[in-house]
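*Asks:* My questions will all concern the structure given below.
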Amino acid sequence: MARIDRWGEPDPHRITVLFFSCNYVIGGMQRQLTDLVTHIDRDRYRPLVACFGPSGPFADELKAAGIPFECWNVEPSYDLSAPRMIARMVRLLRRERVQIFQTYEFPTKVLGWTAGRIARVPVITCAEHGTGEPKDTPRKTWLLRRLSHLCDRFIYVADAQRRFYRDERGFRLDGRTEVIYNGINHRRFDPGTVVPVPRAEFGVDDDAPIVGITAVLREEKAHEVLLRAMPGIERHAPGARALIVGDGPERAKIESLARELGVEDRMVITGFRNDVERILPLFDVMTLCSDPVAETCPLSVLEAMCMGKPIVATSVSGLPELVVEGKTGYLVGIRDNEALGERIGGLLANRVRARTMGEAGRARALAGFTIPHMVAHHERYYEQIWSETQR
């Protein structure tokens with residue numbers, strides 16, 4: 001374990017912020033955290049990042065940018081070893097004289113909020129990037145409600161997510177919240193500069209209409225809804241193909257269902273890709289047919305919007321806050337494969353409408369969902385919560 005190197009003593013013009021994550025492997029939350037700390041104003045803030053472990057490629061990005069990073073390579077636990085974990089966090093907080101302590105997943109909340117209070121950190125804040133389900137048990141939810149008074153403020157990535165924690169989870173938030181939408185790298189997802197992957201790599205004809213989805217192959221992502229929608233799509237757009245970008249535990253089940261439905265020759269699963277920006281140009285329409293527990297402010301939708309693609313998605317969680325119905329795409333009911341097929345097929349058959357919606361979606365993404373927007377909002381938030389401690 002490498003010790004965090006000091007960046008000099010804190011001063012009135014530089015606020016030390018420690019971001020503590022459960023792990024630092026590849027994920028949407030880790031992507032957003034990396035973008036935040038590597039773009040934040042370091043004349044004003046001293047960002048530090050730590051995690052229980054393991055870590056992955058994003059940690060290399062932090063180190064390349066000169067962001068102090070510490071990975072403990074331990075499994076967080078809540079048995080007799082919990083006091084040792086808390087004590088270790090307290091030592092880190094005191095050693096680095098942390099002024100704002102930001103936690104993320106369940107282990108960092110339970111252990112971190114307690115450690116933050118013991119260390120007398122001026123501000124403890126929590127960034128929520130999901131709903132926690134289906135992993136969270138009623139016992140976990142009860143424990144978080146009981147401990148939530150230890151956290152000063154909560155960040156949510158969609159207003160629907162904030163309402164979920166208030167109305168469904170029963171958290172007493174009492175105005176202690178801020179909604180900060182995710183931000184994407186608009187330069188990486190620029191249709192004017194990206195060189196697309198050749199269609200031949202996926203065995204797709206040059207003139208075949210393509211509906212695409214970029215999502216981990218997990219049950220809650222509901223890829224089977226797209227497969228069941230294929231007949232409806234083809235009624236409007238003969239020869240249409242479904243390009244599924246990603247991999248995951250449901251892959252065998254999805255492939256089996258495709259054979260059962262007789263659509264296996266109209267579907268391609270690419271497996272894991274780290275060049276999504278080169279595959280998105282092949283899409284004529286981007287879809288996301290997830291269940292309610294799966295999404296908050298999905299980066300995949302923002303990336304597709306930035307690439308100028310119309311969106312057809314289920315109307316769950318924060319998606320209605322991203323997709324403007326009838327302008328940048330369409331929203332359909334949960335697991336409504338008929339409506340999904342109708343909307344996707346209609347856009348594939350009407351390229352002019354699809355292009356107009358895609359252009360509107362790109363303009364919307366550039367106007368409020370980029371890394372600079374996300375970072376600027378965080379900086380305003382930190383200034384506000386820090387100034388409240390100085391009164």
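*Asks:* Whose amide H sits under 5 Å from the amide H of T177, counting only residues 5 or more places off or on another chain, with H placed in the peptide plane?
*Replies:* Counting only residues 5 or more places away or on other chains, the set is F154.
*Asks:* Under 8 Å for C-alpha pairs, at least 6 residues apart: give me the relative contact order for the stretch 199-368, rounded to a whole percent. If you can, show how the numbers build up before the last one.
*Replies:* Working: 329 pairs, mean separation 44.5, N = 170.
Dividing the mean separation by the residue count of the stretch 199-368 yields 26 percent.
*Asks:* Further, regarding this structure: Just how large is the dipole of the stretch 251-391 about the Cα centre, in debye to the nearest 20, putting +1 at every Lys and Arg Cβ and -1 at every Asp and Glu Cβ? Let's see the in-between values first.
*Replies:* Values: 17 positive and 19 negative charges, 68 e Å.
Using Cβ point charges on Lys, Arg, Asp and Glu, the stretch 251-391 gives about 320 debye.
*Asks:* Quick check for me: using +1 on Lys/Arg Cβ and -1 on Asp/Glu Cβ, what's the dipole size of the chain about its Cα centre, in debye to the nearest 20?
*Replies:* Details: 54 positive and 52 negative charges, 297 e Å.
Here the size comes out at about 1420 debye.
*Asks:* Another question, if that's okay. Express in % the proportion of alpha carbon pairs of the chain at distances exceeding 26 Å.
*Replies:* Values: 41472 of 76245 pairs.
Here the long-distance tail beyond 26 Å is 54 percent of all Cα pairs in the chain.
*Asks:* Per the Kirkwood definition applied to all pairs of different Cα atoms, how many angstroms is the hydrodynamic radius of the stretch 199-368? Walk me through the intermediate numbers first.
*Replies:* Numbers: mean 1/r = 0.0646 Å⁻¹.
With all distinct Cα pairs of the stretch 199-368 included, I get 15.5 Å.
*Asks:* Sum up the lysine pairs in the chain that clear both bars: alpha-carbon distance under 16 Å and a spacing of 8 or more or different chains. Intermediate results must be reported in sequence, preceding the final value.
*Replies:* Working: K109/K135; K109/K140; K135/K221; K221/K253; K309/K327.
Counting lysine pairs in the chain gives 5.
*Asks:* With point charges of +1 on the Cβ of Lys and Arg and -1 on the Cβ of Asp and Glu, referenced to the Cα centre of the chain, which listed residue (H377, T125, M267) lies farthest in the positive direction of the dipole?
*Replies:* Result: T125, furthest along the dipole toward the positive end.
*Asks:* Can you give the longest stretch of the chain with no exposed loop site, where a site means chymotrypsin sites (Phe, Trp or Tyr not before Pro) in a DSSP loop (not H, G, I, E or B) with at most 14 other C-beta atoms within 10 Å?
*Replies:* On the way: sites that count: Y78, F272.
Result for the longest clean stretch: 79-271.
*Asks:* How high is the relative contact order of the chain? Use alpha-carbon pairs under 8 Å, at least six apart in sequence, and give a whole percent. Write out the running numbers ahead of the final one.
*Replies:* Details: 715 pairs, mean separation 58.0, N = 391.
Computed over the chain, the figure is 15 percent.
*Asks:* Under a plain spin-label model, where a point goes 7 Å from the Cα along Cα-to-Cβ, how far apart in nm are N274 and R146?
*Replies:* 4.3 nm
*Asks:* At a 10 Å Cβ-Cβ cut-off, how would you order D275, D291, fewest neighbours first?
*Replies:* On the way: D275 12, D291 19.
Least to most surrounded, the residues fall as D275, D291.
*Asks:* Next question, about the same structure. Give the distance, in whole Å, between the Cα centre of the stretch 272-326 and the Cα centre of the stretch 85-120.
*Replies:* 35 Å
*Asks:* Under the 0.36 nm per residue contour assumption, what length would be gained going from the current alpha-carbon distance of D190 and S256 to full extension? Intermediate values should be presented prior to the final figure.
*Replies:* Details: separation 66, 0.36 × 66 = 23.76 nm, distance 3.56 nm.
Value of the extension gain: 20.2 nm.
*Asks:* Still on this structure, please answer the following. How far, in degrees from 0 to 90, does helix 223-236 lean away from the longest principal axis of the Cα atoms of the chain, to the nearest 10?
*Replies:* 30 degrees
*Asks:* Considering only the chain, what is the antiparallel percent among its DSSP beta bridges, to the nearest 5?
*Replies:* Looking only at bridges with both residues in the chain, the antiparallel portion is about 5 percent.
*Asks:* In the stretch 96-178, which trypsin sites (Lys or Arg not before Pro) are in a loop and have at most 12 other Cβ atoms within 10 Å, using DSSP for the loop call? Intermediate results must be reported in sequence, preceding the final value.
*Replies:* Working: sites: R97, K109, R117, R120, K135, R139, K140, R145, R146, R153, R162, R163, R166, R169, R172, R176; in loops: R97, R120, K135, R169, R172, R176.
Within the stretch 96-178, the qualifying trypsin sites (Lys or Arg not before Pro) (loop, at most 12 other Cβ atoms within 10 Å) are R120, K135, R172.
*Asks:* Another question, if that's okay. With both bridge residues required to lie in the stretch 199-368, what share of the DSSP beta bridges run antiparallel, to the nearest 5%? Each step should come with its number before you reach the end.
*Replies:* Values: 1 of 19 bridges.
Around 5 percent antiparallel, to the nearest 5.
*Asks:* Taking only DSSP H segments of four or more residues, each worth -39500 (n - 2.57), what value at 222 nm results for the chain once the sum is divided by all its residues, to the nearest 500 deg cm²/dmol? Numbers along the way, then the final one.
*Replies:* Values: 14 runs with 153 residues, N = 391.
Mean residue ellipticity, 222 nm, calculated: -12000 deg cm²/dmol.
*Asks:* For the stretch 296-304, just list the computed ³J(HN,Hα) in residue order, Karplus coefficients 6.51, -1.76 and 1.60, θ = phi - 60°, integers in Hz, with x standing in for Gly and Pro.
*Replies:* Couplings: 10, 9, x, 5, 4, 5, 4, 5, 5 Hz.
*Asks:* Taking +1 at the Cβ of each Lys and Arg and -1 at the Cβ of each Asp and Glu, which of T103, G232, G28 sits farthest along the dipole of the chain towards its positive end, judged by Cα position relative to the Cα centre?
*Replies:* Farthest towards the positive end: T103.
Only the coordinates and a few stated rules stand behind these numbers; no lab work does. These numbers were taken from a predicted model, which means no experiment stands behind them. Note that each Cβ is placed from the backbone with ideal geometry, even for glycine, and that neighbours are counted across all protein chains shown.
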